[in-house]
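The values are calculated or read from the model by the stated rules, or taken from the named source; none is laboratory data. Computed from a predicted model, the values in this text were never measured in an experiment. Don't worry about glycine lacking a Cβ; one is built from the backbone with ideal geometry, like all the others, and counts go over all protein chains shown. These area figures cover heavy atoms from the full protein model, side chains too; ligands, DNA and RNA do not enter into them. Shrake-Rupley method; radii C 1.70, N 1.55, O 1.52, S 1.80 Å.
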Amino acid sequence: MLKVEKLVAGYGKVQVLHDVSLEVPEGTLVTLIGSNGAGKTTTLRALSGMIAPQSGRIVMDGADIAGLPTHAITRRGMAHSPEGRRVFSTLSVADNLLLGAFPRVTGARPKGDVAADLERMYALFPRLSERRTQLAGTLSGGEQQMLAMARALMLNPKVLLLDEPSMGLAPRLVEEVFATIARLKQQRVTMLLVEQFAMAALEVADFGYVLENGRVTASGPAGVLRDDPAVRAAYLGQHG
Amino acid sequence: MQILAQLLVSGIAVGMIYGVIAFGYQLTFATSKTLNFGQGEALMLGSLVGLTVVSITGYWIMLPIVLAFGLLQGSVVERLGVRQAIKTKSESGWIMATIALGIIFKNMAENIWGRDALKFPSPLPEAPIGFMGVNVLPMEIAIVVGALALMLAVEFFNRRSIYGKAVVATANDRDAAGLMGINTSLVITFSYALSSMTAAFAGVLVAPVTLTGANMGGALGLKAFAVAIIGGLSSGMGVVVGGLILGITETLTGYYVSTGYKDVPGLVLLLLVLSLKPSGLFGVATIKKV
């Protein structure tokens, strides 16, 4: 579904990613792990067009989307739940979710049943259901994370990018987030997950890539990576 | 007492005009953190285009034409003066560019319509209505009603329609709005278009009372800017109250002190607000992240 070849990207003159290649087959959950500053978030930002790639190909569903503006990439079916949640704080929970479906409501993507999908999100995240009319800025961190994920899902995306959905959450909520990701995987949502909790990510994922200083240094089925002594020592020790 | 009431009435009408122009400043500031410093010239152009069109079509058909002209003029300002500055994250490029465009518009207007003040036909009777001893011009009532109606219409659009919500989302977080599939560059162009449309509408509202002309924009634009600062660049309520404060203090000072000093209290208030509550009387303080 998503195939990245030799992606080079960065900020200004600083090159962060060096020839990153990875693949996310349809219906699978792929995780990108690595230490802080390895380029995980930068990779996602380059995929969704928030920063323009300097070179390389990003092929989604057969079409090269590298270099398109963010909104055009979203309209082609890539949803990105960004680092730091970035919910629209002065809008209600319901409006945030509706905006997730903006390309569907305005005809840029197949409409489907937006109202039914809204209800599906409220079923998946009951906490949001209780707070439909509340302003997103007044939600707790965990609720905002749920909202950011639900908002991205409202696109009915071909690929869902999740950037550190567990960041800053209490352990109980981190478990809840991973349980939700597992449920989405059962529903065969194609996902690329960036996570600091490498062990937890590899437990839920099908396949994993290890990113180090902007380069992919290891990759393989999640189970194999989890047992790889080098990967364990470098990334899994502290988060077990 | 009657004189005071009379002054209040004129002050309110003038203040609503300031308020509606200031509302235009807010529209672009919300989405792009930039302002059109040629807002006064957008008002002047709207009014003069209205003057030319009104003689051909009559008043009511003139109104939508002027509104459409305002939308177009605002889009031009954004494309020529602002877009590049936003793209390069220039802190001041848009300031110089919108001022320059304003001067160009003013020169064009001077060449087309001349430098003199021109009379604008009033759609309503020009005889004042006596109300408890106070004379109110029908056009003054139209100014208050028209200004409020326009602001409410924009507010309604923002809250109810998906496109309005896209505007609010862009104002909230431009990057995140882009991730929703919203073309945020287009939203910013649109906010400039809407802002100039607001100014053009204010131009035709005020012209029957004040006369029109190529020089009408500068002072109005500047005072409305003061109102936007006093009321807060983020508060719709603030510009109405700020506009009324400035309009009323102006007319009161003009009568009780001297017309030569009528601009002083409002500007003193501006200085006070800037030093005591820079986000405006009704504004929410924001911290600029570096």
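See the values below:
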| item | result |
| --- | --- |
| Unit charges on C-beta of K, R, D, E only; dipole of chain B, Debye | 740 |
| Loop GluC sites (Glu not before Pro), region B:76-163, which have at most 13 other Cβ atoms in a 10 Å radius of their Cβ (DSSP) | B:GLU91, B:GLU126 |
| Karplus 3J(HN,Hα) series, Hz, for region A:228-235 with 6.51 cos²θ - 1.76 cosθ + 1.60 (x for Gly, Pro) | 5, x, 5, 5, 4, 5, 7, 10 |
| Nearby aspartates and glutamates by direct alpha-carbon distance to B:LYS262 (threshold 18 angstrom, same-chain neighbours under 8 apart not counted) | B:GLU250 |
| Accessible-area ranking of A:LEU147, B:LEU72, largest first, probe 1.4 Å | B:LEU72, A:LEU147 |
| Distance (nanometres) between label positions extended 7 Å along Cα→Cβ at A:ARG120 and A:THR133 | 2.7 |
| Cα shape, the protein assembly as shown, gyration tensor, a/c 1.5 rule | prolate |
| Chain A: most fluctuating residue of A:LEU91, A:LEU160, A:LEU22 per GNM, C-alpha cutoff 10 Å | A:LEU91 |
| Leading residue at positive end of dipole, the protein assembly as shown (Cβ point charges), from A:VAL194, B:ALA202, B:ALA117 | A:VAL194 |
| Cα-based helix-to-principal-axis angle, B:184-210 vs chain B, degrees rounded to 10 | 10 |
| Nonlocal amide H pairs with A:ILE51, under 5 Å, H built at 1.01 Å | A:ALA46 |
| Sulfur and carbon atoms: percent of accessible area, the protein assembly as shown [1.4 Å] | 62 |
| Region A:129-234: trypsin sites (Lys or Arg not before Pro) in DSSP coil with no more than 10 other Cβ atoms inside 10 Å | none |
| For chain B, calculated [θ]222 nm from helices alone, where every DSSP H run of n ≥ 4 adds -39500 (n - 2.57) | -24500 deg cm²/dmol |
| Surface accessible to a 1.4 Å probe, A:ASP113 within the full protein complex, Å² | 90 |
| Between helix B:93-113 and chain B: long-axis angle, C-alpha atoms, 0 to 90°, nearest 10 | 40 |
| Top positive-direction residue, dipole computed over the protein assembly as shown with Cβ charges, set A:ILE65, B:LEU179, A:THR28 | A:ILE65 |
| Two-site FRET efficiency, B:LEU80 against B:SER275, from Cβ-Cβ distance with R₀ of 41 Å, rounded to 0.05 | 0.75 |
| Chain A shape via C-alpha gyration tensor axes, a/c threshold 1.5 | oblate |
| On Cα atoms only, tilt of B:138-160 relative to the major axis of chain B in degrees | 20 |
| Chain A, helix-only ellipticity at 222 nm - DSSP H runs n ≥ 4, -39,500 (n - 2.57), divided by all residues, nearest 500 | -9500 deg cm²/dmol |
| Residues of region A:69-100 buried by at least 50 Å² on assembly (accessible area, 1.4 Å probe, chain alone as reference) | A:HIS71, A:ARG86, A:PHE88, A:LEU99 |
| Residues of region A:90-156: accessible area per residue with a 1.4 Å probe, Å² | 37 |
| Estimated FRET transfer efficiency (B:SER258, B:PHE156; beta-carbon r; R0 41 Å; 0.05) | 0.45 |
| Pairwise burial B:A, computed as accessible area of each alone minus the pair, summed, 1.4 Å, Å² | 1800 |
| Among A:GLY37, A:GLY62, A:GLY220: highest mean-square fluctuation, GNM of chain A, C-alpha pairs under 10 Å | A:GLY62 |
| Loop-located chymotrypsin sites (Phe, Trp or Tyr not before Pro) in region B:129-201, at most 14 other Cβ atoms within 10 Å (DSSP) | none |
| Hypothetical label at A:SER55: residues of region A:1-45 whose amide nitrogen lies under 13 Å (7 Å Cα-Cβ projection) | A:6-9, A:18-20 |
| Charge-dipole axis of the protein assembly as shown as Lys and Arg at +1 and Asp and Glu at -1 on Cβ define it, positive-most pick from B:ALA100, B:THR34, B:SER234 | B:ALA100 |
| DSSP loop trypsin sites (Lys or Arg not before Pro) with at most 12 other Cβ within 10 Å excluded, longest remaining stretch of chain B | B:120-287 |
| Test item: Cα-centred dipole of the protein assembly as shown, Lys/Arg +1 and Asp/Glu -1 on Cβ, debye | 240 |
| Within chain A: Cβ-based charge dipole about Cα centre, in debye rounded to nearest 20 (Lys, Arg +1; Asp, Glu -1) | 540 |
| Residue with peak Gaussian network fluctuation, chain B [Cα springs, cutoff 10 Å], from B:ALA214, B:ALA153, B:ALA199 | B:ALA153 |
| Residues A:ALA179 and A:ALA233, FRET efficiency given R0 of 30 Å [Cβ-Cβ distance, rounded to 0.05] | 0.60 |
